[in-house]
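The values are calculated or read from the model by the stated rules, or taken from the named source; none is laboratory data. What you see is a predicted model; the values in this text were computed from it and never measured. Note that we place each Cβ from the backbone using ideal geometry, even for glycine, and neighbour counts take in every protein chain shown. Protein only, heavy atoms only, side chains kept; ligands, DNA and RNA dropped before computing areas. Shrake-Rupley method; radii C 1.70, N 1.55, O 1.52, S 1.80 Å.
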Amino acid sequence: MRNVAWLGHPLTVAAVAVLLLNDHVFKALWPGVVTGKLSDFAGLVVAPPLLNLLVGRPRVAIVLTGAVFTLVKTTAVGAALASQAWTFVWGPSQVLADPTDLVALPCLYAAWWVWNHPDPGAVRLVRALTVVPVTVLAVAATGQYRYSPPGAYAVEVRGVMIVVAVRDGGPSSDGTPTGQASVNGGRSWFHHDPEIPPAARSLACLGNRCYRTVPGRLKVEEYGNDRWTTSWEISPGDQDRLWRAYPPDLPEDAEVVESLGIAVQPVAGGHVVVVANGADGIAVRDVYGVWRRLGWGPLGFDEKSAVSLTAPGRYDASVTTRALLVALAAGLAALAAGLRRLDFTAAALALWAGFWLLVTDTQYRPIFLVLGFYLVGASLTVMIVCAVRNRARPQALAMGVATGPAVYFALMAPYHVWGAGGLSHYWHADVLAGVLGVVACVTGVLLTARAADIIRTSVDRAVPPGHFTLSTESYTFGEVTRPGG
């Protein structure tokens with residue numbers, strides 16, 4: 001009880017409030033060093049009691065929190081491992097090392113002080129039970145920012161200047177025209193806000209030489225010798241990979257990755273071609289006919305900032321959420337098949353519903369978070385009690401529990417293979433994940449049910465039915481007759 005009450009201490013509750021306000025309000029209003037460090041200070045007060053719910057040892061929780069925090073903030077390996085961990089669980093993520101964040105480590109003493117000075121009174125338990133879901137939300141907070149990728153959608157030649165119109169998608173855009181410009185034939189770029197943004201044109205000509213974009217593709221065709229030929233293109237599979245490399249915070253803010261606008265500029269020695277490619281930036285053909293992709297650099301379009309076609313593919317974070325929900329459903333179905341109790345099955349459904357509320361409530365509505373938290377806690381308690389009362393066999397339980405991770409890995413493996421380039425199209429990963437997931441789920445359920453049947457049969461054979469009959473017959477009219485007596 002004291003482990004849970006640690007979360008309900010006034011200082012811990014205050015740290016949770018600071019985390020929520022800082023990540024969801026202050027960082028957006030006053031971005032900088034102060035708000036950046038404030039989350040580290042508050043997080044080191046909140047993380048130990050939250051971790052202690054799992055390990056049950058306050059000293060271990062505090063030391064482990066400090067060790068992991070130091071490793072992540074001071075080493076590239078630690079930051080990479082943290083990035084991989086978050087990527088594996090929740091989808092592509094990046095954690096950056098910053099040794100200056102270690103200034104927050106003394107806050108671990110504040111967490112230790114809170115543990116040694118518990119808040120008296122029964123109200124602390126109520127406060128703790130209420131703050132647990134909010135604490136989890138605060139620690140996992142990602143801030144108030146709503147990111148949507150920029151998109152280059154039009155190109156125009158204005159004298160010696162090439163102007164690319166840029167769309168700043170998302171709610172942060174105020175509609176002001178913005179863009180990038182070059183005065184040296186596309187070799188370097190700088191920020192430029194045209195008063196009148198250029199219109200998107202899919203065809204551009206210079207004398208008898210014409211270039212056009214292909215709708216829906218990263219592709220440019222060139223007209224010469226009375227026919228159109230491909231001048232530059234990205235394969236459909238790589239195009240889909242590039243589109244997924246620019247994920248917005250919300251699906252409706254996604255920017256297309258396709259050739260939208262084109263322009264040709266005459267220069268000394270020939271001509272250059274510039275193509276606006278949506279979220280992927282632009283493509284430039286120099287006077288020698290060499291094409292280059294330019295991505296979104298800090299000062300302007302930059303070839304080094306372009307996403308490499310050999311980089312690991314980024315799958316949407318919702319993939320892991322769906323995989324977790326399906327894996328949990330498969331594990332619960334296997335357990336229900338092994339125990340075969342109506343009350344256990346009903347509790348398993350409630351557990352899945354509570355977990356669904358927790359992982360799908362992207363708007364962080366408190367009523368859903370609290371309801372999901374209590375559904376998970378109550379249904380898990382009922383399931384444990386039911387399993388103990390009905391003497392569920394450890395072998396069947398272990399097999400049922402193992403079904404969940406097996407299904408999760410079966411679902412996620414194709415996406416990791418696609419990300420590494422082993423599958424050419426994303427939909428191949430979708431199909432393969434569906435097939436492997438169904439096979440793993442059905443196999444787990446059948447094996448768990450079969451294991452339970454084998455165990456029941458073994459128990460029945462170990463004790464002959466006649467033994468129970470003889471024991472029953474030894475009780476007559478309330479008088480106990482002992483064998484041999």
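Rounded, prolate or oblate for region 380-421? Axes are the square roots of the Cα gyration tensor eigenvalues, ordered a ≥ b ≥ c, and the cut-off for rounded is a/c under 1.5.
Here region 380-421 falls in the prolate category.
Quick one: pull the percent of accessible area on region 281-386 belonging to carbon and sulfur, 1.4 Å probe, ligands and nucleic acids left out.
Looking at region 281-386 in its full context, I get 70 percent from C and S.
Going by average Cβ density within 10 Å per residue, which order do the peptides 179-185, 423-429 take, highest to lowest? Each step should come with its number before you reach the end.
Working: 179-185: 19.1, 423-429: 16.7.
Ranked by mean Cβ neighbours within 10 Å, highest first: 179-185, 423-429.
Would you work out the charge dipole size for region 199-312 about its Cα centre, treating the Cβ of every Lys and Arg as +1 and the Cβ of every Asp and Glu as -1, and quote it to the nearest 20 debye?
Magnitude of the dipole: close to 420 debye.
How large is the Rg to Rh ratio of region 325-440 when both quantities use alpha carbon positions and Rh follows Kirkwood?
1.07
Given a 1.4 Å probe, how much area per residue of region 293-435 is accessible, in Å²?
53 Å²
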